[in-house]
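A short worksheet on the structure shown next.
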């Protein structure tokens, strides 16, 4: 009798233990963004080892608290979180965190996965694009949060791209300890869409949200026109440039000068965020020499992205001859995009107003006969000055018609007076 009572007691104890023992902690397999439009999340887990599991409780972190959002009957091992009666799901805007627990038929609940040393909460991946640069070349930078708490860790991340709503293609892969990627060699005015897929060392996967970026890259000027390099009345060289004002971002320029076309160019001025149509600079140099100028548009790294045509001033020389002539010679203007239409030769007598004395299309020399002015003149000191005016043709591609004046050269022709040596009564 005592033996039967003991056996009955053991059965009661065992049955009570069976009804009160917690199920094993369920292990999450992965969480992924299921729908890029709604941000719904696909959660999957491994079947619980406990034989009497009746259902699983899904937890999502909401406002820093773990909230039970739904219950799934066993033996199901997946759930799609669409938000339901809880705050809207937003895995397409930020990472979402999940845990699960198991409940047996007696109502005993396992702890949530947070207490497991090898399978804590799982989070969705959120990827976001930024416009950046690599070695001063524009690129799209992708940044995402790492997938964590796979017991075997992440092996790699694969980046997928869709260009202008075509097909999805594998773009590249990075190691599992890296959570950013630079997409280089991008083109302007293009839609790039991306998602990231994490792959564990055992082959488990998780997919991020989809994110898109439209490239409206910084504009560089499409042209810079060197309008002229011209000597001013103050004997300085004035250089003018016409700029492409349609460039909406990059408007930084550097002005260079050299004493030879293929020599070393020295920076003489710089301009940041210059927005005017014309840029004019006055250079205090020896105007009897030739100087070469060019303007360059500069990117954010200081590299030249486009340069103007060269502009070289005109230098003129004048030689007095015994036969009452002045021989005038000058350099060609260099280097209008439209070429030179005409050279005008001007004479200034005794600081009076300039007088146009001749024009030429091809020649770069002219002989000025001064016999009428130099013989028996009165009220004239004999000072003769000259300068050249060059005019650009109408063929400039930007509709600009440049003009350039040379330096002014002055000489003195002594007057010749004829005195009669005989008289006829």
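Just wondering, is there one or more residues in the range 366-382 that are modelled with pLDDT of 95 or more and closer than 19 Å to residue 233 by Cβ? No, the range 366-382 contains no residue that is modelled with pLDDT of 95 or more and closer than 19 Å to residue 233 by Cβ. One residue stands out in the range 280-308 among those that are buried (at least 19 other Cβ atoms within 10 Å of the Cβ) and outside any strand (DSSP E or B): the one that is nearest to the chain's Cα centre (by Cα), namely 308. Looking across the range 23-54 at every residue that is free of Cβ contacts under 8 Å to residues at least 60 places away in the same chain, surrounded by fewer than 21 Cβ atoms within 10 Å (Cβ to Cβ) and not in a loop (DSSP other than H, G, I, E, B), the one that is farthest from the chain's Cα centre (by Cα) is identified as 54. When you scan the range 209-225, do you find a residue that is at pLDDT 95 or above and more than 28 Å from the chain's Cα centre (by Cα), even just one? No: the range 209-225 contains no residue that is at pLDDT 95 or above and more than 28 Å from the chain's Cα centre (by Cα). When the range 202-215 is filtered for residues that are outside any strand (DSSP E or B) and over 18 Å from residue 145 (Cα atoms), the ones remaining, listed by number, are 202, 203, 215. Each residue in the range 237-266 was checked for being surrounded by 14 or more Cβ atoms within 10 Å (Cβ to Cβ) and in a loop (DSSP other than H, G, I, E, B), and 6 of them qualify.
For the range 55-64, a residue qualifies if it is out of contact with any strand residue (DSSP E or B) (no Cβ under 6 Å at 6 or more places or on another chain) and assigned to a strand (DSSP E or B), and exactly one does: 62. Against the numbered list (1) more than 20 Å from the chain's Cα centre (by Cα); (2) surrounded by fewer than 15 Cβ atoms within 10 Å (Cβ to Cβ), residue 137 comes up short only at (1). When 201, 164 are screened for being under 28 Å from residue 99 (Cβ atoms) and modelled with pLDDT of 95 or more, only 201 passes.
Filtered by the rule that a residue be under 19 Å from residue 384 (Cα atoms) and exposed (fewer than 12 other Cβ atoms within 10 Å of the Cβ), the range 351-364 gives 351, 352, 353, 355, 356.
Just to be sure, is residue 401 surrounded by 12 or more Cβ atoms within 10 Å (Cβ to Cβ) and at pLDDT below 95? When the stated conditions are applied, residue 401 does not pass them.
The values are calculated or read from the model by the stated rules, or taken from the named source; none is laboratory data. Source: prediction; values computed, not measured. For neighbour counting, all protein chains shown are included, and Cβ atoms are generated from backbone atoms with ideal geometry for every residue, glycine included.
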